[in-house]
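Here is the structure we will look at, set down as structure tokens.
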Amino acid sequence: MRGLGTLINTATVLVGGSVGYFIGHRIPENIRVIVVQVIGLATLVMGIDNVMDTHNLVFPLVGMTLGAIVGELLKIEERLESVGSFLKNRFAKNGGDESRFVQGFVTATLLFCIGPMTILGAIEDASGKTPQLYIIKGTLDGFMSIIFVAAYGIGAAFSAVSVFVVQGLLTLGGTGLDSLLTDRMRIELFAAGGFSVLAIGINLLEIKKIKLGSLLPGLVITPVLVAFFAR
């Protein structure tokens, strides 16, 4: 069934978020903090692994730099935060601190929606084959959703909406996307994604606040640069 993987991934985030919402308060604060830190460290490792696969660091570096400039001009981070604030006001009016709701929504959204498995999974999901990548990704996302909701509140669970929309749209265009990307474009795209994943890890570890949303255009610009300039 085409799109089954997206539905499974969305469901795992919702289930994980629900578990985190109902039992998260029973998890001691120090346990929540250390688990988020471990996730942050693992995220850094994944990001480094993706970046190291590049054939030429210039492509993801220039692509992400240009993308960050575009993202700042378009105020993508602020727009994502506005969506988080809208969801907070619409569905969780009596639910705690707005800044943590928005932080949980934005962080979980970008962690769940950025990376090679999101794109490769969409291509597989569009083929109608068993969506193994999204099943694996969904399992990981579900467990992380438990911790994120416990740490940041219910806002993280609303990232399921983002997963459904982003992966659903990618799945709809999966066949066309696969035909547009050459092997070299995929490599440099995933390396650019590694920069974004690294930024997520840095944010989770609270080393430095990086505007994750502003990095998103780089994921589009990088493969375009490869198409025009790679030999």
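Considering only Val58, Val19, Val106, the mean-square fluctuation computed in a Gaussian network model of the chain, springs between alpha carbons under 10 angstrom, is largest for Val58.
Would you list His55, His25 from fewest to most Cβ contacts within 10 Å?
His25, His55
Working from label points 7 Å from Cα in the Cα-to-Cβ sense, the Asn56 to Leu140 distance is 2.9 nm.
Cβ crowding within 10 Å ranks Ser159, Ser82, Ser214, Ser196 as Ser82, Ser214, Ser196, Ser159, fewest other Cβ atoms first. Listed by chain and number, the lysines whose alpha-carbon sits under 27 Å from that of Lys137, ignoring those within fewer than 8 places in the same chain, are Lys88, Lys129, Lys208, Lys209, Lys211.
With neighbour counts taken as other beta-carbon atoms within 10 Å, the residues Ile136, Ile34 rank, fewest first, as Ile34, Ile136. Between Asp49 and Phe22, the FRET efficiency from the beta-carbon distance, with R0 = 30 Å, is close to 0.30. Springs between Cα atoms under 10 Å define the GNM used for the chain, and in it the highest mean-square fluctuation of Met144, Met185, Met64 occurs at Met185.
Given their separation in residues at 0.36 nm each and the Cα-Cα distance between them, Glu29 and Lys209 gain 62.7 nm when the chain is fully extended.
For the chain, hydrophobic long helices are taken as DSSP H runs at least 18 Å long by C-alpha position along their axis with mean Kyte-Doolittle hydropathy of -1.0 or more; these are 4-23, 29-52, 58-74, 76-91, 98-113, 132-152, 159-172, 183-204. Classify segment 119-231: rounded, prolate or oblate, from the alpha-carbon gyration tensor (a ≥ b ≥ c, eigenvalue square roots; a/c under 1.5 rounded; otherwise prolate if a/b is larger than b/c)? Oblate, since a/c reaches 1.5 and b/c is not below a/b.
Convex hull volume of the C-alpha atoms in segment 4-229, normalised per residue: 112 Å³.
A short reminder: the numbers here are calculations on the coordinates, not readings from a lab. Treat the numbers as computed from the prediction; the structure is a model and nothing was measured. All Cβ positions, even for glycine, are placed from backbone atoms using ideal geometry, and neighbour counts span all protein chains on display.
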